[in-house]
Amino acid sequence: MPLAFEPIGIIHTPFKNLDGTPSQGAAARGAKGTVEVFPEFAEGLKDIETFSHIILLYRFDRAWEVRLVRPGSQDKLPHGVFASRHPCRPNGIGMTVTQLLERSGNRLEVEGIDMLDGTPLLDIKPYIARFDCFPGANEGWLGK
């Protein structure tokens, strides 16, 4: 059954093309951006400013050809797309944890941004360490 998602906002970043765009939010310390939530969804931001970090779910709207197996960014060996964070995915959904610096109405100032300017925002969730952090988790093929 097909699914359709409509963006709830747009992500503004300093990155206009892939050159120089960080590959992960954790590697993007100092990279700041603005998450603009469309006015009809702004009420849903109530109390978001009480969190230090938020999870952004977005659409890789400028990704290229989807391949289910491709070289990894770290070791250049072939890995399945579901065992990687490659942007060229069947549904093109991205996820980044960012630090929430400030909320001003329907705009969120964030740090640790790693997507292209104008990326469509699909959802926002609060990062909650006791639910989202697993210190003993292994890193699969990346940890080898």
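The one condition from (1) farther than 26 Å from G9 by Cβ; (2) exposed (fewer than 12 other Cβ atoms within 10 Å of the Cβ); (3) of a type in the set (D, E, K, R) that R70 does not meet is (2). Looking across the range 49-70 at every residue that is acidic (D, E) and modelled with pLDDT under 95, the one that is farthest from P7 (Cα to Cα) is identified as E65. Would you confirm whether or not the range 128-141 contains a residue that is touching a residue at least 60 places away in the same chain (Cβ under 8 Å) and surrounded by 15 or more Cβ atoms within 10 Å (Cβ to Cβ)? Within the range 128-141, none of the residues are touching a residue at least 60 places away in the same chain (Cβ under 8 Å) and surrounded by 15 or more Cβ atoms within 10 Å (Cβ to Cβ). Please indicate, with yes or no, whether at least one residue in the range 43-65 is free of Cβ contacts under 8 Å to residues at least 60 places away in the same chain, assigned to a loop (DSSP other than H, G, I, E, B), touching a strand residue (DSSP E or B) at 6+ places or on another chain (Cβ under 6 Å) and surrounded by fewer than 17 Cβ atoms within 10 Å (Cβ to Cβ). Yes, the range 43-65 contains a residue that is free of Cβ contacts under 8 Å to residues at least 60 places away in the same chain, assigned to a loop (DSSP other than H, G, I, E, B), touching a strand residue (DSSP E or B) at 6+ places or on another chain (Cβ under 6 Å) and surrounded by fewer than 17 Cβ atoms within 10 Å (Cβ to Cβ). Of all residues being of a type in the set (V, I, T) and over 15 Å from L45 (Cβ atoms) in the range 107-142, which is nearest to the chain's Cα centre (by Cα)? Just the residue, please. Step by step, filter the range 107-142, then rank; the result is I113. Anything in the range 19-42 that is in a loop (DSSP other than H, G, I, E, B), surrounded by 12 or more Cβ atoms within 10 Å (Cβ to Cβ) and not polar (S, T, N, Q)? List them, or say none. P22, A28, A31, F38 - these are the residues of the range 19-42 that are in a loop (DSSP other than H, G, I, E, B), surrounded by 12 or more Cβ atoms within 10 Å (Cβ to Cβ) and not polar (S, T, N, Q). On inspection, P22 passes the criterion of being at pLDDT below 90 and either under 11 Å from I113 (Cβ atoms) or touching a strand residue (DSSP E or B) at 6+ places or on another chain (Cβ under 7 Å) (or both). Looking only at residues of the range 1-42 that are among the hydrophobic types (A, V, I, L, M, F, W, C) and without any contact (Cβ under 8 Å) to a residue 24 or more places away in the chain, we find that the one that is farthest from L101 (Cα to Cα) is M1. Put simply, of G20, G33 the only residue that is of a type outside the set (S, T, Y) and closer than 17 Å to L57 by Cα is G33.
The values are calculated or read from the model by the stated rules, or taken from the named source; none is laboratory data. Please read these numbers as outputs of a predicted model, since none were measured by experiment. Because the Cβ atoms are built from the backbone with ideal geometry, glycine has one as well, and the counts that use them run over all protein chains shown.
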